[in-house]
Every structure is written in structure tokens, then in C-alpha cells.
1. Using a cut-off of 23 Å between alpha-carbon atoms, which lysines can reach LYS259, once sequence neighbours fewer than 8 places away in the same chain are excluded?
2. Sort THR50, THR239, THR191 by Cβ crowding within 10 Å, fewest neighbours at the top.
3. On a straight-distance basis, which lysines could pair with LYS80 in a cross-link, Cα separation under 20 angstrom, same-chain partners fewer than 8 positions away excluded?
4. If we sort 87-96, 272-281 on the protection proxy, mean other Cβ atoms within 10 Å, highest first, what's the order?
5. Return, ordered by residue number, the residues of the stretch 43-72 whose backbone nitrogen is under 12 Å from a label point located 7 Å along Cα→Cβ of ASP147.
Amino acid sequence: MNRIIRHLKDGFLGVFRHFALSFSSISSMTVMLLLMAVFMLLNENLVQVTQEIEENVALYIQIKDGTEQEDINKLQQDVKNISGILQVRFSSKEDELDYFIASSGEEGESLYGGFRGDENPFLDVLIANVRSGSNVKTLSDNLSTLDNVFKVSYGGDGTQTLIDVMSQVRDIGFVFVIVLSAVAVFLIANTISATIYSRQKEISIMRTVGATNWYIRWPFVIEGMIIGLLGSVVPVLLTIFGYSKFYELQNASLGGMFKLVPAEPLVWEVVGILVLTGAVVGALGSLITVSRRLRWTR
């Protein structure tokens, strides 16, 4: 127990012994973890929004005018058999006109009601729901080749582009966090290196009296972990209070358009990852330096 207390004491003393370097490392860790928190929160919400978009992506398959009902039934079955299609339903040209009139507001009937009957400009359609919005373009191209298909639409390239952009944002954010983690490890390594240099005489004496490598290393590892944990304080607080407030404000303004991931338990999961990452990155930076420098001072 006394040994653990001594290691903790030496670790805290190491942080304040070279406070300028420690502060630089803590600041770097804070920025890295803050961006990591933003990335994780953004990623979770992008995943949810992307899933909502993909679940609501539907292919509208317009059927050539004059197609017999038997051929329509065959086409509907052919569409169902295509891999990636969840379900297919038929909507007649009359249903399509009624839907258009209803969506046109109070004046819809007076403006477009006269198109009922032979004047109806709409076509019969098949509405196909897809398993994943990521392959909607491929499905659209395949469906366009089927007999009696006039045109296939799904919202244009904008839908596919939106899904692709969201995926790219997640990938770029992940790479960015990895790069910042490497920078944080480098700065912590420099801080620990300075601490080792200032304690060379003490380390030499400990080696002379038979201290083990890990007995010498532990204070430096703890120092790195303390730097990492101190660097996580601001990101943790901003995650807990910032996202909760953001969730309330955005849900009120966005309404039913997009639903953000609820603050709980998301923020606590992110907080746990931030604290663990801070401690691990700090310990890793220390171990790298200690292993290298202590071999040199042996």
C-alpha cells in the first residue's frame, strides 16, 4: 500500500515538476479528446439519420401506359425477386392523382380535380422499399431494364450523394482522431522524457540499490495517466452538459424532421470512452519513453 501511495505521489509531483510541458500535453489531450467526443456524438447521430434516410428510400417504378394487368402483376413479382428489395406495392394512376391532389392543399381539388378519368396524366406505379439506401442507384438501373418499365425514380442523385457524404464524414473523423492521438502520445512522451532527465541521478541510485525496472517505471506511467485524465476533464464536462442542452434545443427546432440520439445513455458511454482513452494514451506515451530512456540510462 505504501508503495502505491509513493508511486501516486511521484506521479503527481512529476506533472507539476515540468508544468509547462505537462500543460502542453494536457492541452493537446484536451483538444484530441474534445474532437473525439464530437466525432463520436456526430457519428452516432449520422448513423441514425442515415438509417432513417435509407429506411425511407423508395423506388418509384412508373409503368408504361396501356400495360395489361397480367403484365403488371408479372412485373411486380419480378421486382420482388430482385435482391435488395424489401417489399413492393402497386399504386394505380387514380391513386397517384388523388395523392397529388391531397398534397396540394385546400385548392388541390379545384385545380387538378378535372384531370380525373381519361385526362389523368399520371401512370400506374410500383413503389419498392429497399434494404439499404447505399445501393439504390444500382437497383434503379437494374429495374429500368425490366419490360413495361417507363421510368424509375428515387429522389435523384441527391439521395445517394447525401448517404455517401455522411459515410465519408464518419471515415474522415475517425482518421483525424487517430492523428491527434499520435500527436498527444508524442507530447506526453516529451514530457516524461524531461522528467526522466531531471531524475537521472535518483534513477541511478535506485538501480544501484537493486530497484526493479517496473518499480522505477510506475511513477512515470502514472504521471502519463494523470496527464491523460486531466486532459479528459473539459471534454467530459462539455459532453455531459453540452450535448444534453444541444439535444433539447435541436429537437425543439428540427421537430420531426430528424431525431437526434437521446442524451442518455449516449453521453455516459462517450464519457467512459473519453476517460479510458485519456488514461490509455497517457500510459502509452509514458511507456514508450520510459522503455527507451531507461535502457539508455542503465
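1. LYS245
2. Working: THR50 19, THR239 26, THR191 30.
So the ranking, lowest neighbour count to highest, is THR50, THR239, THR191.
3. Leaving aside lysines fewer than 8 places away in the same chain, those within reach of LYS80 are LYS64, LYS137, LYS151.
4. Numbers: 87-96: 15.2, 272-281: 19.0.
Sorting 87-96, 272-281 by mean packing, highest first, produces 272-281, 87-96.
5. Counting only backbone N, you get 68, 70-72.
None of the figures in this text is laboratory data; all of them are computed from the coordinates on show. From a predicted model like this one, the values you see are computed outputs, not experimental measurements. A quick note on method: Cβ atoms are made from the backbone with ideal geometry, for glycine too, and the neighbour counts reach across all protein chains shown.
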